[in-house]
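See below for the structure under consideration.
The values are calculated or read from the model by the stated rules, or taken from the named source; none is laboratory data. All figures in this text were calculated on a predicted structure; none of them were measured in a lab. Don't worry about glycine lacking a Cβ; one is built from the backbone with ideal geometry, like all the others, and counts go over all protein chains shown.
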Amino acid sequence: AGDRVLDETLLPDIHPDLRAAVLGHRKAAEAEGIALLESSSTASLLAAADEVLKACAVEIPEIRLAVGLGGQAFLVLDGALADLEAALEIGARRLGPARLRQQALLPRLDDTLRELLAAGSRFGDCDFFSPAGAEHPAEVG
């Protein structure tokens, strides 16, 4: 690999919830809100997610690693707002400015957004969705 290795991490005592999420286990976001962390590096995001799970009372509804993301990765966290704020702070610090792409906190999710998140983040797997009252180009104008 030599000069082609962009990042690496070793997780000798990986959090069991992270292991399950990496192996494809998904859960619905059911708590007060969600937090999102996006990284330019899969390895760095895994290390950040492990640290966050060990430090905060949050859960992982979904993690996406590299495939279909141009080598990048993102993490969805579920929990109480105070725990999510702490998780974002820890995750951003662990990723550092070179690897942190975006972070967001979404409090008080509505039921429609919860349903969409439960369907997953892979657009090809999702059914077409149009919220009640949505305007469509053919109807406007």
- [ ] Filter region 108-141 for residues that are in a helix (DSSP H, G or I) and either at pLDDT below 70 or farther than 25 Å from E32 by Cα (or both) and give the result.
- [x] A119, F123, G124, D125
Task: Search result, residues across region 23-40 that are crowded, with 16+ Cβ neighbours inside 10 Å and of a type in the set (A, V, I, L, M) - done: A29, A31, I34, A35, L36, L37
TODO: Identify, by number, the condition in (1) surrounded by 15 or more Cβ atoms within 10 Å (Cβ to Cβ); (2) in a strand (DSSP E or B) that L105 doesn't meet.
DONE: (1)
Task: Failed item in (1) more than 30 Å from A132 (Cα to Cα); (2) modelled with pLDDT under 95, with A92 passing the rest - done: (2)
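In this structure, does A86 turn out to be more than 17 Å from L117 (Cβ to Cβ) and modelled with pLDDT of 90 or more?
Values: more than 17 Å from L117 (Cβ to Cβ): yes; modelled with pLDDT of 90 or more: yes.
Yes, satisfied.
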